[in-house]
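Peer 1: Could you have a look at this structure, given as structure tokens, before my questions?
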Amino acid sequence: MRPLKLIMSAFGPYAGQTVIDFSQLGEQGLYLITGDTGAGKTVIFDAVSYALYGQTSGGVRDANMLRSQYADADTPTFVELEFSFRGKCYRVKRNPEYRRPAKRGTGMTKEKAGAELYYPDDRVPVTRMSEVDKSIVELLGLNHKQFTQITMIAQGQFRKFLDTNTDERSKIFRDLFHTYFFQQLQDKLKQDAAAKRNEFAEQQRRSEQALNGISCIYPAYTEQLQSFALRHYEGCVEEVLTLVDTITALDEKEQQQVAAAAT
């Protein structure tokens with residue numbers, strides 16, 4: 001997401017309408033906002049965050065506290081942000097709830113909080129606040145917390161992102177780069193590998209049980225079988241099978257000899 005133009009009206013310390021044209025800063029996509037303490041840097045962050053998510057950047061100022069105390073009563077309070085995302089331009093506008101002069105009669109009335117999202121194509125603008133909130137998250141793939149952690153980092157917040165645990169950082173990057181498919185593939189491979197390990201262990205157990213049941217009357221071969229058993233037959237199954245064939249052949253030969261002597 002790259003901001004193109006930000007309009008703040010009666011917002012924070014800005015009594016009138018203030019326009020910041022980010023497009024004049026080029027298209028590199030990385031901006032550094034600097035200035036003296038109290039110059040209004042955080043308000044710019046708040047305005048961008050509020051336009052997109054209806055929340056300030058640090059979560060310190062409530063939305064109902066955003067109207068400028070210096071503004072004339074007739075000056076509306078709102079924030080409007082034009083931004084580009086994946087080569088297309090969008091516009092979102094929000095206003096907090098605040099008191100304003102009544103349009104009919106005298107006295108003050110309440111201006112309800114509102115939000116509007118305009119698409120670059122012929123789609124109908126979204127004008128319900130809850131739908132705007134949902135649409136922004138779906139469009140950018142980031143919720144407010146993730147956005148303030150990796151896209152728009154206020155002073156002192158970058159350390160928080162660095163200190164975030166690995167699982168949370170992984171989730172943020174999966175949301176950002178849409179790598180859910182690879183995570184699902186990885187999880188499936190882990191499940192298949194675990195199933196194969198369990199299957200192998202069960203077959204190994206059965207094989208060991210069967211091999212332990214082999215009895216032999218030949219002392220030399222008995223010692224070999226015992227040495228294989230001590231190793232749980234790991235890496236020597238072929239040798240065991242060859243030995244069993246040898247013992248079986250000897251048994252058959254002796255049976256033939258006994259049968260011949262009996263006749």
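Peer 1: Using a 10 Å Cβ count of at most 13 others and DSSP loop calls, identify the longest part of the chain lacking such trypsin sites (Lys or Arg not before Pro).
Peer 2: Working: sites that count: ARG86, LYS103, ARG104, LYS112, ARG123, ARG128, ARG231.
The longest uninterrupted stretch comes out as 129-230.
Peer 1: For the chain, what is the charge dipole size about the Cα centre, in debye to the nearest 20, if Lys and Arg each add +1 at the Cβ and Asp and Glu each add -1 at the Cβ? Present the calculation step by step, with values, prior to reporting the outcome.
Peer 2: On the way: 33 positive and 34 negative charges, 416 e Å.
Charge dipole, the chain, about its Cα centre: 2000 debye, nearest 20.
Peer 1: For helix 41-53, what angle does its Cα long axis make with the longest principal axis of the chain, in degrees from 0 to 90 and rounded to 10?
Peer 2: Roughly 70 degrees, rounded to the nearest 10.
Peer 1: Given the rule -39500 (n - 2.57) for each run of at least 4 DSSP H residues, summed and divided by the residues of the chain, what is its mean residue ellipticity at 222 nm, to the nearest 500 deg cm²/dmol?
Peer 2: It lands at -15000 deg cm²/dmol.
Peer 1: Provide the net charge surrounding ALA194, with neighbours chosen by a C-beta distance below 15 Å and charges set as Lys +1, Arg +1, Asp -1, Glu -1.
Peer 2: Local net charge: 0.
Peer 1: Next question. Which percent of the accessible heavy-atom area of the chain goes to carbon and sulfur, probe 1.4 angstrom?
Peer 2: On the way: 8950 of 17440 Å².
Answer for the chain is 51 percent, counting heavy atoms of protein chains only.
Peer 1: Given the options MET65, ALA229, GLN255, identify the residue whose Cα lies farthest towards the positive end of the charge dipole of the chain (+1 on Cβ of Lys, Arg; -1 on Cβ of Asp, Glu).
Peer 2: Checked the options; the winner is MET65.
Peer 1: Another one. Taking only protein heavy atoms and a 1.4 Å probe, what accessible area per residue, in Å², does the chain have with all protein chains in place?
Peer 2: Each residue of the chain exposes 66 Å² on average to a 1.4 Å probe.
Peer 1: Hey, another quick one. Take VAL244, VAL79 and sort them by solvent-accessible surface of the protein heavy atoms, 1.4 Å probe, largest at the top. Present the calculation step by step, with values, prior to reporting the outcome.
Peer 2: Details: VAL244 40, VAL79 0 Å².
Greatest to least solvent exposure: VAL244, VAL79.
The values are calculated or read from the model by the stated rules, or taken from the named source; none is laboratory data. A quick note: this is a predicted structure, and the numbers were derived from the prediction, not measured. Note: ideal-geometry Cβ built from the backbone for every residue, glycine included; neighbour counts use all protein chains shown. Accessible surface is based on the protein model in full, side chains and every heavy atom, while ligands, DNA and RNA are left aside. Shrake-Rupley method; radii C 1.70, N 1.55, O 1.52, S 1.80 Å.
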